[in-house]
Amino acid sequence: MMAKSNRQDEAGRNQSNRTFLRLAAAAALLLLVPQVNAQQANPALPSTTAEDIEKFCTNIADTARDQRYLLQKQELEKLQSDVDQRIVLLEQRKAEYEEWLKRRDDFMAKAEAGLVEIYKTMKADAAAPQLQEMRPELAAAIIMKLPARQSGLILSEMDPKTAGMISMIMSSAADPKTSKDRS
């Protein structure tokens, strides 16, 4: 009986060992299955992610382009505004300059007319030394507006070198190639 009991014990242990081994094998198999699935899921994940990224990029491409154009347009409008402000400022300064130039020209015309009248009444020997001390361009302008006879007398009373320089200025002013009035 003892032998039968030992055999039964041994048979029970063998069956327990087999059951244990089966459970261990099943557990090991179950542990391996998720890893296999995980390895197969990973390649699918990047392609799905890449597709998603591509879809996202194509969906927002028009919006991004529109936004970029809008920013560029705003910057161009700002630059245009700056240019317009500068143009207005330049036009104001130009108007101020033209007004100043007109006043100066009016004054010079009056002063020159007054000087011409003064030198018309002077004798040539008194006018020559004074005109000789002026800027040659101004002296030439005054002498050109005097009557020809008086101009000749004044030039004859001047130093020959100064008279020659004034005569050259007067001749170049009358030359149609240098005159601003030429057509």
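Here are some notes:
- Test: residue in the stretch 47-54 that is within 33 Å of the chain's Cα centre (by Cα), in a helix (DSSP H, G or I) and among the aliphatic types (A, V, I, L, M): no
- Among the residues of the stretch 125-137, those that are in a helix (DSSP H, G or I), open to solvent by less than 50 Å² (accessible area, probe 1.4 Å) and closer than 21 Å to Ala173 by Cβ comprise Ala127, Ala128, Leu131, Pro136.
- Contacts under 9 angstrom Cβ, first residue in the stretch 93-109 being part of a helix (DSSP H, G or I), partner of a type in the set (A, V, I, L, M, F, W, C) and surrounded by 10 or more Cβ atoms within 10 Å (Cβ to Cβ), 6 or more apart: none
- A Cβ distance below 9 Å, combined with a sequence gap of six or more or placement on separate chains, defines the contacts here; from the stretch 128-147, residues that are without any contact (Cβ under 8 Å) to a residue 24 or more places away in the chain reach residues that are in a helix (DSSP H, G or I) and of a type in the set (Val, Ile, Thr) in the pairs Met134/Ile142.
- Being modelled with pLDDT of 90 or more and in contact with a helix residue (DSSP H, G or I) (Cβ under 7 Å, 6 or more places away or on another chain) is a property that Glu98 lacks.
- The set of residues in the stretch 142-154 that are out of contact with any Leu (no Cβ under 9 Å at 6 or more places or on another chain), open to solvent by less than 70 Å² (accessible area, probe 1.4 Å) and either aliphatic (A, V, I, L, M) or part of a helix (DSSP H, G or I) (or both) comprises Leu146, Gln150, Ser151, Gly152.
The values are calculated or read from the model by the stated rules, or taken from the named source; none is laboratory data. Note that this is a predicted model, so its numbers are computed, not measured. With ideal geometry, Cβ positions are generated from the backbone for all residues, glycine too; neighbour counts draw on all protein chains shown. These area figures cover heavy atoms from the full protein model, side chains too; ligands, DNA and RNA do not enter into them. Shrake-Rupley method; radii C 1.70, N 1.55, O 1.52, S 1.80 Å.
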